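These notes are about the structure you will find just below.
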Amino acid sequence: MKLVLLALAAVAAAAPPEVLSQKFERDPEGNYEYGYKQDNRQSASEVGRVSPGPEPGTGTLSQTGSFQFVGDDGQTYRVSYVADEGGFQPRAAHLPVAPAQIPEYAQLRIDHPELFWA
């Protein structure tokens, strides 16, 4: 009987998480919203907005969202982000924060823009 219970516990532990809710909506312009929640406390949501460019087939996509998961340490981690022309910019209590730009570097960018391609 103990062996059967151990086998059932192993199967239950290996089972994929159950999706509690999910959503995906998109409009004709390409804007969208999606999200999901699982029974293992993992979740994600994102909103994408398209900004048309000056020429057909050009433009930008700006995405904002967040995701949450439970780490190996049992803690729940949440990350919010923006992804746009400035790149992927995550924010979370457990992530390091980039240091402020030093004044000498800022002045170097002003005095010698040819050194910086971005």
Residue ID - least open to solvent (accessible area, probe 1.4 Å), chosen from residues in the range 73-116 that are farther than 30 Å from S45 by Cα and assigned to a loop (DSSP other than H, G, I, E, B)
F116
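Return the residue satisfying two criteria in turn: it lies in the range 15-35 and is open to solvent by less than 80 Å² (accessible area, probe 1.4 Å) and of a type in the set (A, V, I, L, M), and of such residues it is nearest to R49 (Cα to Cα).
Filtering the range 15-35 for residues open to solvent by less than 80 Å² (accessible area, probe 1.4 Å) gives 15, 17, 19, 21, 27, 30-35.
Within this subset, residues satisfying the condition of being of a type in the set (A, V, I, L, M) are 15, 19.
Working: A15: 35, V19: 26 Å.
This residue is V19.
The values are calculated or read from the model by the stated rules, or taken from the named source; none is laboratory data. Values in this document were obtained by computation on a predicted structure and should not be read as measured data. Note: areas computed on protein heavy atoms with side chains; ligands, DNA, RNA excluded. Shrake-Rupley method; radii C 1.70, N 1.55, O 1.52, S 1.80 Å.
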